[in-house]
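Scroll down for the structure; my scribbles are underneath it.
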Amino acid sequence: MLALAAAQASAAPLTVRVVDSNGRPVNDAVVSLRSGPASRPVPTGNYSVSQKDMQFHPFVLVVPVGAKVSFPNLDPTRHHVYSFSPAKQFELKLFARDQSRSVTFDKPGVVALGCNIHDAMTAYLFVTDNQWTAKTGPNGIVRFADAPNSAGKVSVWHPYLRAKANVVERQLVASERNASFTVALRSPPMAMSDGY
Amino acid sequence: MLRARSFSASGPVLRLLATAALTCASPALAEGTDILSSQTLSVSGTISLAATDGEESWLDGGFGKLSTSGTKNGDLRVIPMLSEANLIWQPRISWAISGTVVGTFQGGERNEAGLSEAFLTYKPMRGATTGFSARAGLMWPPVSLEHEGADWHVRDTITPSAINSWIGEEVRPVAVEGTVSSQLGEHKLTATAALFAANDTAGTLLTFRGWALHNRRTLAFNDQPLPPFEPDDVGYQAQHTHPLLDVDSGFASRPGYYAKLAWQMPVPLRVELFRYDNRADPEWVNEDLEWGWHTHFNHLGLAAELLGTKIRAQAITGRTRMGYAEGGRRWVDMRFRSAFLMLTHPVGTVGLAARIEAFDTHNRGSWWGSEYDDSGWSATLAGKRAWGPITGLLELIHVSSDNDSREGIGIDPEQSQTRLQADMRLSW
């Protein structure tokens, strides 16, 4: 969860579980709750997407609007990180091991990351203005400990989710404190043979 | 009349490297330039222990399809080998231009050292939906679904398929290649086209020896031995072949081409179509009796993933012609084809691979006729595990084939070989 909510007049934990069509937990799904007026999350702490073993880590990172994200290169080779996403277009030339550059993400939206040198590298930043946003772990579960105890709308986003804009959502009634989503995922794209 | 002129590719390749070196030496180095540092140099190597039975390897003057041989009696023979060592230099001239130069030593039945690849890559910043890249120099065309990395090592097994073994030994020209890739929704299309030279002899080894399965690459300017000719056949063709050779007068006076289309679908399936034609004149010959071989082939590659199992398949069909026409047929007119299916699946930290393949050649030349046809099949099982920079592999391969040429050295045309080999690869 991005930031601890201010003390709510009426709060109750909300647990959201995301599984695929075979009932297996879905990792890296971003769950958002909209329930009444939401506070804009405040960037705190350090946010980073590293490059190690020719992959971005993590694959999905949730950050608040205004977050400054560093891109440390931990590989012994160079990376050329870029994004063409409307939420943020940038490119970073990362020269060497342990070098790091930062980018500030000032608009909400999904930012798809790539490396111009290594085409198989892919990752996603989920930039949000909603404090009730978090991503699932390997157990497919997100828990908002201080969620408003009221009706709302929960959305689930995943880069491979089979839906328009990769998002599904549904309404929650106030008494529903455990929500479950079953989503259909596309298979991850296969890396093209660009190793020549 | 024989045209006794030849042109080795060594001149153009050396000029290309010299140009790259001069560019690198310029005092006004571009942003991102890194010519020589720990990041531009790497080494890789493989030590092996192989237990092989059966006939003598083609590397030792026989018709054995593996790179190692059994004993004189065809019994099991165990040999340790320094299979290969590579020194890889990948200078970066700018963010868009880099180089790859690989020097290789290969041991085992035949020790040799030389240049594997030397090419420049141009890859500017891609657009939102379209990317462009280009390569120029000495390099393998993008055919193999089994090889990866700058040292072009085999990813999942020790021994590559017959198709990619042949690519490694006879299909590595000096080329200028361009690639455009485009993202169309969830589909990705990639088109590659290249002009090349110095590959006029491709098909020689495949015709006289037949197919083989081995991870030895032909090093630049080195030759490959041909099986012994029968006395009546001596004098037409040198007893060796240089796969990197322009037989015609003048470098690239009649360039060949290759082209590839790849389609990556939203489901985990990729289809690749590849076409190669060296456009060599079958009547070209140099003073060493190395001929132009007009070789062309079509290739289909498939890569898919299902329930965690990766499926790869390649199929090739082609034709090569050499020499003068007599009675309406060239001296050599050989059609070749091969296909394999490979499955790989991780089990814990071990990657398992299984491959089955078939291959054959059909000779209809006026000199080299159907009595030299080669056909066979092979099955391979392999396991792989990585410990940091070290990768261990264990492979069991069986190959069975029928080739009447074997009668010339007094052995049965039908032969089979089995090998168990353990490799330890180091990459640093």
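The values are calculated or read from the model by the stated rules, or taken from the named source; none is laboratory data. Just so it is clear, the model here is predicted, and its values are computed rather than measured. So basically every Cβ, Gly included, is an ideal-geometry build from the backbone, and we count neighbours across all protein chains shown. Heavy atoms of the whole protein, side chains included, go into the accessibility calculation; ligands, DNA and RNA do not. Shrake-Rupley method; radii C 1.70, N 1.55, O 1.52, S 1.80 Å.
Within region B:172-184, how many residues turn out to be away from every other protein chain (no Cβ under 13 Å) and surrounded by 22 or more Cβ atoms within 10 Å (Cβ to Cβ)?
2
Go through (1) modelled with pLDDT of 95 or more; (2) crowded, with 16+ Cβ neighbours inside 10 Å and name the single condition A:Pro25 misses.
Exception for A:Pro25: condition (2).
For region A:156-184, how many residues are surrounded by 18 or more Cβ atoms within 10 Å (Cβ to Cβ) and under 21 Å from A:Pro58 (Cα atoms)?
The total comes to 6.
Of B:Thr104, B:Thr100, B:Thr68, which residue is out of contact with any helix residue (DSSP H, G or I) (no Cβ under 7 Å at 6 or more places or on another chain), assigned to a loop (DSSP other than H, G, I, E, B) and in contact (Cβ under 8 Å) with a residue 12 or more places away in the chain? Reasoning before the result, please.
Numbers: B:Thr104 fails: assigned to a loop (DSSP other than H, G, I, E, B); B:Thr100 fails: assigned to a loop (DSSP other than H, G, I, E, B).
Going through B:Thr104, B:Thr100, B:Thr68 in turn, the sole match is B:Thr68.
For region B:92-106, which residues satisfy the criterion of being within 11 Å of chain A (Cβ to nearest Cβ) and of a type outside the set (Gly, Ala, Ser)?
Those that are within 11 Å of chain A (Cβ to nearest Cβ) and of a type outside the set (Gly, Ala, Ser): B:Arg92, B:Trp95, B:Thr100.
Tally up the residues in region B:185-204 that are more than 14 Å from every other protein chain (Cβ to nearest Cβ) and of a type in the set (Asp, Glu), please.
1
Being charged (D, E, K, R) and at negative phi is the filter here; which residues of region A:52-72 pass it?
A:Lys52, A:Lys68, listed by residue number.
Which pairs have Cβ atoms under 6 Å, sit 6 or more apart or on different chains, and link a residue in region A:103-130 that is more than 30 Å from A:Ser35 (Cα to Cα) to one that is open to solvent by 10 Å² or more (accessible area, probe 1.4 Å) and in a loop (DSSP other than H, G, I, E, B)?
Close Cβ pairs satisfying both conditions: A:Asn116/B:Met125; A:Asn116/B:Arg126; A:His118/A:Met54; A:Asp119/A:Asp194; A:Ala120/A:Ala191.
For region A:151-169, give me the residue count where each residue is closer than 14 Å to A:Ala179 by Cβ, of a type outside the set (D, E, K, R) and either in contact with a helix residue (DSSP H, G or I) (Cβ under 8 Å, 6 or more places away or on another chain) or touching a residue at least 40 places away in the same chain (Cβ under 8 Å) (or both).
Qualifying residue count, region A:151-169: 5.
Tell me the residue from B:Leu307, B:Leu273, B:Leu341 that is away from every other protein chain (no Cβ under 14 Å) and surrounded by fewer than 23 Cβ atoms within 10 Å (Cβ to Cβ), please.
Exactly one residue qualifies, and that residue is B:Leu341.
Among (1) assigned to a strand (DSSP E or B); (2) charged (D, E, K, R); (3) more than 11 Å from chain A (Cβ to nearest Cβ), where does B:Glu109 come up short?
Among (1) assigned to a strand (DSSP E or B); (2) charged (D, E, K, R); (3) more than 11 Å from chain A (Cβ to nearest Cβ), the lone unmet condition for B:Glu109 is (1).
Taking B:Met139 as meeting all but one of (1) of a type in the set (A, V, I, L, M); (2) within 30 Å of B:Met322 (Cα to Cα); (3) more than 10 Å from every other protein chain (Cβ to nearest Cβ), write down the number of the exception.
Only one criterion is unmet by B:Met139, namely (3).
Take residues that are within 14 Å of chain B (Cβ to nearest Cβ) and touching a Gly at 6+ places or on another chain (Cβ under 8 Å) and tell me which of the strands (runs of 3 or more DSSP E) falling wholly in region A:17-113 contain 1 or more. Steps first, please.
Numbers: elements: A:30-34, A:50-52, A:55-57, A:60-64, A:67-70, A:79-85, A:88-94, A:102-105.
Result: A:79-85, A:88-94.
Specify which of the listed residues (A:Asn149, A:Asn139) is at pLDDT below 95, outside the structural domain of A:Asp75 (by TED's automatic domain parsing) and either open to solvent by 50 Å² or more (accessible area, probe 1.4 Å) or in contact with a His (Cβ under 8 Å, 6 or more places away or on another chain) (or both).
A:Asn149
Looking at region B:113-123, which of its residues are acidic (Asp, Glu) and either part of a loop (DSSP other than H, G, I, E, B) or within 8 Å of chain A (Cβ to nearest Cβ) (or both)?
None; the set is empty.
Given the structure, is B:Glu326 out of contact with any strand residue (DSSP E or B) (no Cβ under 9 Å at 6 or more places or on another chain) and over 16 Å from B:Thr159 (Cβ atoms)?
Details: out of contact with any strand residue (DSSP E or B) (no Cβ under 9 Å at 6 or more places or on another chain): yes; over 16 Å from B:Thr159 (Cβ atoms): yes.
Yes.
Given the conditions (1) more than 30 Å from B:Leu393 (Cβ to Cβ); (2) surrounded by fewer than 17 Cβ atoms within 10 Å (Cβ to Cβ); (3) not hydrophobic (A, V, I, L, M, F, W, C), which single one is not true for B:Asp246?
The number of the failed condition is (2).
Looking at region B:251-260, can you tell me whether even one residue there is part of a strand (DSSP E or B), within 14 Å of chain A (Cβ to nearest Cβ) and either closer than 30 Å to B:Phe63 by Cα or touching a strand residue (DSSP E or B) at 6+ places or on another chain (Cβ under 7 Å) (or both)?
There is at least one residue in region B:251-260 that is part of a strand (DSSP E or B), within 14 Å of chain A (Cβ to nearest Cβ) and either closer than 30 Å to B:Phe63 by Cα or touching a strand residue (DSSP E or B) at 6+ places or on another chain (Cβ under 7 Å) (or both).
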